[in-house]
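Working notes, beginning with the structure itself.
The values are calculated or read from the model by the stated rules, or taken from the named source; none is laboratory data. None of the values given here were measured: they were computed from a predicted structure. All Cβ positions, glycine included, derive from the backbone under ideal geometry; neighbour counts span all protein chains shown.
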Amino acid sequence: TQLLEQSPQFLSIQEGENLTVYCNSSSVFSSLQWYRQEPGEGPVLLVTVVTGGEVKKLKRLTFQFGDARKDSSLHITAAQPGDTGLYLCAGANNAGGTSYGKLTFGQGTILTVHP
Amino acid sequence: EAGVAQSPRYKIIEKRQSVAFWCNPISGHATLYWYQQILGQGPKLLIQFQNNGVVDDSQLPKDRFSAERLKGVDSTLKIQPAKLEDSAVYLCASSLFEVFNTEAFFGQGTRLTVV
């Protein structure tokens, strides 16, 4: 079973602060996805990283895929109250010898940004 | 483009009763997932369909949970009999076939409370 561990589990910060969320695994993934989920809604994809060492930026969010494709990080600069939510990483792999993909989620990081 | 539709949004039942959830994926998406999400945690995969065939149900409690996907489109997830620990949000998601590092589109989920 492939496991993804996210840290921290909870993060409570003031508006304007920076933060980093980590996603680690002992397994190699073909790609790593980051989702954001608001209360009462399903997760929504933020970004997919595919290449080891890849860095992607989405406005104030910076995503990085580890060189070995086992870990990833999400960095938010100058956090805003609208960034509040549950952040989930998900590793994708081709499930052993088949042609379909398998998506495994981490346990999530609950971010609260106070005005 | 219509998103993933789920119903009902909320359900409250007594333990030992049965319940069913319905999902209509995005048109053309061959892969359909059912996830269980405990409040504040990441989604846990229950079952994954490729068209109307099951490709992964390793974490589905088969003594009480069942799922089917009729004609490779709509899907239902059933719990019979329900236990208190089944209280969770049940998320349905769909994605394109064979492009396994693509985005999973989620429905809003069904919040189940077992009392």
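Figures for the structure shown
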read-out	value
Number of the condition not met by residue B:59 [criteria: (1) within 14 Å of chain A (Cβ to nearest Cβ); (2) outside any loop (DSSP other than H, G, I, E, B)]	(2)
Some residue of region B:42-55 being within 20 Å of residue B:2 (Cα to Cα), free of Cβ contacts under 8 Å to residues at least 12 places away in the same chain and assigned to a loop (DSSP other than H, G, I, E, B)	no
Unique match (being of a type outside the set (Phe, Trp, Tyr), touching a residue at least 40 places away in the same chain (Cβ under 8 Å) and out of contact with any helix residue (DSSP H, G or I) (no Cβ under 7 Å at 6 or more places or on another chain)) among A:32, A:61	A:32
Region B:11-32, residues that are at pLDDT below 95, in a strand (DSSP E or B) and not hydrophobic (A, V, I, L, M, F, W, C)	B:31
Residue within region B:62-75 that is assigned to a loop (DSSP other than H, G, I, E, B) and within 14 Å of another protein chain (Cβ to nearest Cβ) present	no
Residue count for region A:35-62, restricted to those that are closer than 14 Å to residue B:107 by Cα and either more than 13 Å from the chain's Cα centre (by Cα) or loosely packed, with under 13 Cβ neighbours inside 10 Å (or both)	5
Every residue from region B:52-65 that is at pLDDT 90 or above and within 16 Å of residue B:35 (Cβ to Cβ)	B:54, B:57, B:58, B:59, B:60, B:61, B:65
Members of region A:45-54 that are in a strand (DSSP E or B) and either within 7 Å of chain B (Cβ to nearest Cβ) or more than 19 Å from residue B:94 (Cβ to Cβ) (or both)	A:45, A:47, A:48, A:49
Flag if residue A:7 is surrounded by fewer than 21 Cβ atoms within 10 Å (Cβ to Cβ), within 14 Å of another protein chain (Cβ to nearest Cβ), small (Gly, Ala, Ser) and under 14 Å from the mean Cα position of the chain (by Cα)	yes
